[in-house]
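The values are calculated or read from the model by the stated rules, or taken from the named source; none is laboratory data. This is a predicted model, so every value here is computed, not measured. These area figures cover heavy atoms from the full protein model, side chains too; ligands, DNA and RNA do not enter into them. Shrake-Rupley method; radii C 1.70, N 1.55, O 1.52, S 1.80 Å.
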Amino acid sequence: MNWQKRLWRPEPSFRLLGKLLQINWLYVLLICALAGVGYLALYSAGGGSAKPFARPQLVRFGFGLVMMIMVALTSPRLLRLLSIPVYLVAVTLLALVLHMGHVGKGAERWINLAGLQFQPSEFAKIALVLALASWFHRIDIKRMGNPLRLIIPAILTLLPVALVLKEPNLGTAVIIGLIGATMFFAAGMRLWQIFLLVAPLPFLGKFVYAHLHDYQKARIETFLHPEHDRLGAGYNIIQSKIALGSGGMWGEGYLRGTQGQLNFLPEKQTDFIFTMIGEEWGYAGAAGVIGLLALLVVGGMLMAMRSRNQFGRLLALGISVDFFLYCAVNLSMVMGVIPVGGVPLPLISYGGSAMLTMMFGFGLLLSSWVHRNERDVPASQKDL
């Protein structure tokens, strides 16, 4: 009967085809739609030309799309084995930034790798999600009440936070910390433990402000009183509000936004790309983009809920939270709700680091969906 089992055993090509069919292609379509919005916005930011922003971004997206599909087909066991090496690479790159990083706008955030500029803090967020999901996968949820079980994941979270703060990059450091906190809670951290961690935070505000860099304090002052320096520190946010307001309900028309096309709007291809969308496409177009972003967040959360194993749940949740925080911080920033922090709008803003790391993250999320029916095994049998 062995020859019959071999005969009916599915070939690797059929297993690969089965995994391809398991990919959530509707979610992939939403990702492509968002990237399409980004291409149109960057085409407009280039003055009605594919250069210098739209075409390079499209090439990056094509490469990221292939990478995303490859990661989605990767087995969870292999991802768990690679989680710590990937995390160590991310931390090493963060450390290298402090010694050989490129200085821009008052901070060292980029390093050159093979002639390409790369921002390790973007990659560190995805690496942290992967490492924490792998670590909590090994721990029985009943043991989460033991504070000693939280020491190592706390170190895994605080190490990249400290390195990113050192650059300095306060906005990204806060996002990394929030991602880690969310995964702690989702993994089964007790409410009293969360309270002990959060309780001191209100009392640290004055201490943290005293140790901020001058440009970070200036951002806070500008946020509170942008009109005090309309042509200096307050220029960016004032022009952003003017552009958003001038769009009205239906916008001034594609390629016709006065603030963007006449270069009054600063950083229109990166941090303030949504402002240009609001000016040209109006409230209706901006609401449509926000709806598309929301669908990706909700879709990721639903995929997390459908996973039958702890690793997949935490992986999908962490990537979804990362994407949500990206969007929430950028949109709040350009609307003047929070101080400007240099956080891009994922898949829309121009930039290679954010694009490729987010596509890698989406690949991890889709992998959790492809392998969603793999059940957890007893803690004693889980891979080390």
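Heavy-atom accessible surface of residue 264, to the nearest 10 Å², is about 90 Å², with a 1.4 Å probe and all protein chains retained.
Between the stretch 117-138 and the stretch 292-354, the C-alpha centres lie 14 angstrom from each other. Within the set 166/241; 125/241; 51/268, which residue pairs have Cα atoms separated by over 20 Å? Listed pairs above 20 Å: 166/241; 125/241.
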